[in-house]
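See structure below.
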Amino acid sequence: MREPLIQFKNVYKRFGENHVLNGTDLSIYKGEITTIIGKSGGGKSVLLKHIIGLLEQDSGTILFEGRSVSDMNKAEKKALKRKCSYMFQGTALFDSLTIYENIALPLKETTSLSDSEINRRVREKMEQLDLHEIDEKYPSQLSGGMKKRVALARALITDPEIVLFDEPTTGLDPIRKKAVHRMISDYQQKFGFTGVVISHDIPDIFNISQRVAMLNDGRVLFEGSQDELAMASDPAIKEFIQGMEIRHEKIDCIPSLAEKGKLTGEQAFALPGQTGFSIILLHLDNLNEITLSQGPGASKAILNSFVTKAHDCIRGTDSCFFYGQDGILILLPGLARDSAEIMCDRLISMINIGDILEKAPISNFCLFASASFAEAGSGNRPEEIIADSEFKQSKKYKLSFCK
């Protein structure tokens, strides 16, 4: 039987009357990515801070390679901390420092390496992570996805054995979220570190995880593989997973499309290389917060209402389906950009967020949505268009309503 690299045994931690960890048991294995899921405010970030030594448990035991961290002397704890690195939520890059200086900072602060050796290591890491010709730029000059890569380079510059990721895709659109997931997976395989990831990106994050742990009310309800998670019988686990997965179901906006022999979502994806088309992307900007605070029923009702509005607007040859976590993608075969803009105008004019929220079991909350459109070039796929910088600069519509 394998021995865990890191192990929590009956760990408790509280802040005043707030009991955050309530007898937490968890095993993390060397060379794997373990993802920790659970409700917001459930203690996931607190757990990470115990691993890296930023917090110390009130009771219970934390083991590293079978040895209690509490029994280690000061020098041993310091050596253990050097084995770990932390990729903060929101990247935490310093705006006043260049990209080179941001990446070099951990080496300057924690080592006595010469400037030439630091330069060599930073250049090497930037090359490995495809960060070319941006060393003199500042974080404000980079896209969100590029900032994440710089933050990862800084986390890896000390060659850590363990890298902790605290919600690494916060604030990113679905395309860039998937890119960050691929980045974590690719570089974990390349560098061999042990990864611990906090994420709400269910089920996408499971694709890069060897193990999953669900933290609920300070206790680990489940730990194991994705397949074992799917078979879990605990009602609390099933309710949480099913609620988070609602927004990932890929469905056709027009149920009769296949029956009429017209385009399905998959057939529409085959069209780009053969004929011109445009896309419209509706994005529900804060649907994740609604799910967490109001429940999965509220977010499902909102999505269904948006689908109904799209159905009323699009042509019989068009196709649409849920896209990523929070979006509805509409494919418009044979439609040029100008016509797509007219279609987008019409769609937005038909969407009454007030009506949508009236039909949803939601209270004391605001819904924010946006829409973008673009025309495809020859051979493009919708994902490529959405990831393109020109798409992000295209005319956008902003909608909001509070209930």
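Since every read-out is calculated from the coordinates, none of them should be taken as a lab result. All of these numbers come straight from a predicted model, not from anything done at the bench. Cβ sites come from the backbone with ideal geometry, for glycine too, and all protein chains shown count toward neighbours.
Details
- Highest mean packing first, where packing is the average number of other Cβ atoms within 10 Å per residue, the peptides 120-133, 212-225 line up as 212-225, 120-133.
- Hz values of 3J(HN,Hα) by residue in region 116-128 - Karplus curve (6.51, -1.76, 1.60), Gly and Pro given as x: 5, 6, 4, 4, 4, 5, 5, 4, 5, 5, 5, 5, 5
- Interchain or long-range residues, amide H under 5 Å from Asn216's placed H: Leu221
- Violating pairs (Cα-Cα greater than 18 angstrom) within the set Lys81/Lys148; Lys9/Lys44; Lys30/Lys190; Lys44/Lys178: Lys81/Lys148; Lys44/Lys178
- Other-chain or far-sequence residues with amide H under 5 Å of Ser319's (modelled H): Leu331
- Under 5 Å, built H, 5+ apart or other chain: amide partners of Ala374: Ile279
- Using θ = phi - 60° and Karplus 6.51 cos²θ - 1.76 cosθ + 1.60, couplings along region 232-237 (whole Hz; Gly, Pro as x): 4, 9, 4, x, 5, 5
- Rounded to the nearest Hz, the phi-derived 3J(HN,Hα) couplings of region 29-37 under the Karplus curve 6.51 cos²θ - 1.76 cosθ + 1.60 (θ = phi - 60°) are 9, 4, x, 10, 9, 10, 9, 9, 10, where x marks glycine and proline.
- Shape call, region 132-201: gyration tensor on alpha carbons, a/c limit 1.5: oblate
- Whether region 22-82 is rounded, prolate or oblate, judged on the alpha carbon gyration tensor where a/c under 1.5 counts as rounded: prolate
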